[in-house]
Amino acid sequence: MPVTVAIVGSGPAGFYTADALLKDGNVEVDIIDRLPTPFGLIRAGVAPDHQTTKKIQQKFEQTALDDNVCYFGNVEVGRDVTLDELRGMYDAVVLAVGAPFDRKMGIPGEDKKGVHGSAAFVGWYNAHPDFRHLDPDLNVKAAAIVGVGNVAIDIARVLIKTAAEMADSDLPDYAAATIHASPLTDVYIIGRRGPIEAKFTNVELRELGKLETAVPQVDPTQLPDGVEGDWDDRDRRLKERNLATLKEFAARRRDELPKAVHFLFYASPVEVLGGDRVEGLRVERTRVEGNRAVGTGETFDIPCGLVIPAVGYRSVPVPGAPFDAQACIVPNQDGRVAPGLYVAGWVKRGPTGVIASNRPDGVAAAAHIRQDIAAGNKPGRVALQAILGQRQVRITSIADWQKIRAMEEGTALPPAPRRKLSSIRDMLAVLDGS
Ligand code: NAP
């Protein structure tokens, strides 16, 4: 009998796990996702103007079409079926549920209108059904994005690019209308440490130097002559490239273009200012000591009507699985959680790394399953289909996804690759032919 495996979550970690399991054969893999559409952050996290990065979903779709794989979309573990039930039905369950929520900055004023965490904001401009109604007020001249990682860079770019620059993206209509009507001229990207400690990668940073209407700005006095410190060769090369790019930005004149993206380093947010609504962000100047930001007591204010903390994501507990609330992960030993229960991706190791960083997690989970379970003895798919049938859950299959995809691609205005549906009701309506 094949080993039956349920993978919860259809993002990169889930699909890399499925790929790795299929390589050894004699396995039946079911991939469960709470959305009708698969691919997790490939669809709803990768920036809408980074279409090349999204191409990996074609490969994942091929995996989903394998005879030994079945996609169960629109099925929520915890609502439609419990984790305990899944563990009873499958020889192995792999949690690959990611880190879908925002970390908080933990400062006063963070709950004011006009503060939107990056998970919500990125979800909004990527047509994620949970965030399509976010309705951010972009009738602002200035925005502050907190954090100097790739998510902060993505958000700055999407906010400041023109409609023409976004024409070949899959930015949904409602987000395009709001963003491109915005009078925004200045975006501040705020790092609590220095340029050497910043987390962004160089390709993403350099993109900010090629915008049609916005010029990157950096205070040259914040840039060191070279990269000091104890970095491995790879990190040192990246930091040297980033420093060179930031030096180019520092030489750009503010009046070259009508808009600007400003990098402010050594600035740690201490309070979101304003009444009900955001009117500014107070930051404390810092210096870096032993790799940590240390406050100097000196503060200054950045007037802005929008604050987007892009300070990292967090996983949430999956009912029935252990959870380390401090680290915000499911505690595990290289992916093993308990007999028959495994993890992969951000819920295993926290929210870092690029798409391909999830591949080793999938390979490890598959190897452990092979090692721990010599032969299958649980029914898997037939049992899941039976229980979801009894509960009248509207499952979407990979063929259903292909119909939604065809609809999204067919209604797009070239050069846009697709016109994304953002509501589950609309997705199901496509399938029902209504
Ligand atoms: P990240 O790379 O971990 O960056 C988070 C940033 O937030 C850091 O600069 C961090 O500063 C800062 N931060 C954290 N807590 C803070 C606080 N309380 N106050 C002020 N600043 C704070 O996370 P991310 O940008 O969310 O990205 C997540 C992962 O996805 C990363 O591995 C990223 O590379 C990847 N990603 C990749 C791409 C791409 O390849 N194009 C695009 C998007 C995301 P400290 O360093 O001082 O903690």
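The values are calculated or read from the model by the stated rules, or taken from the named source; none is laboratory data. None of these values were measured; they are calculated from a predicted model. Neighbour counts run over all protein chains shown; Cβ positions are idealised from the backbone, glycine included. Heavy atoms of the whole protein, side chains included, go into the accessibility calculation; ligands, DNA and RNA do not. Shrake-Rupley method; radii C 1.70, N 1.55, O 1.52, S 1.80 Å.
A few notes on this one:
- Over the chain, Cα pairs under 8 Å with separation of 6+ residues give a relative contact order of 25 percent.
- Mean separation of Cα contacts under 8 Å, 6 or more apart, over the residue count of the stretch 102-313: relative contact order %: 32
- Fraction of accessible area attributable to carbon and sulfur, the chain (%, probe 1.4 Å): 50
- Rounded if a/c under 1.5, otherwise prolate or oblate - the stretch 260-402, Cα gyration tensor axes: prolate
- Tail fraction, Cα-Cα pairs, the chain, threshold 29 Å, whole percent: 50
- All lysines inside 18 Å of LYS420 as judged from Cα atoms, apart from same-chain residues fewer than 8 positions distant: LYS54, LYS55, LYS403
- Ranking LEU306, GLY376, VAL283 by Cα position along the charge dipole of the stretch 259-406, where only Lys, Arg, Asp and Glu carry charges on their C-beta atoms, puts GLY376 farthest toward the positive end.
- FRET efficiency estimate (nearest 0.05) - Cβ-Cβ, ALA177 to ASP67, R0 35 angstrom: 0.20
- Accessible area per residue, Å², the chain with all protein chains present, probe 1.4 Å: 44
- Calculated [222 nm] ellipticity per residue, helices only, for the chain: -9000 deg cm²/dmol; basis is -39500 (n - 2.57) per DSSP H run with n ≥ 4, divided by all residues, nearest 500.
- For the stretch 94-109, Karplus couplings with θ = phi - 60° (6.51, -1.76, 1.60), whole Hz, Gly/Pro x: 10, 8, 9, 8, x, 9, x, 10, 7, 6, 9, 6, x, 10, x, x
- For the stretch 379-434, a simple Cβ point-charge model (Lys and Arg +1, Asp and Glu -1, everything else neutral) yields a dipole of about 120 debye relative to the Cα centre.
- Euclidean distance between Cα centres, the stretch 282-315 to the stretch 41-106, Å: 33
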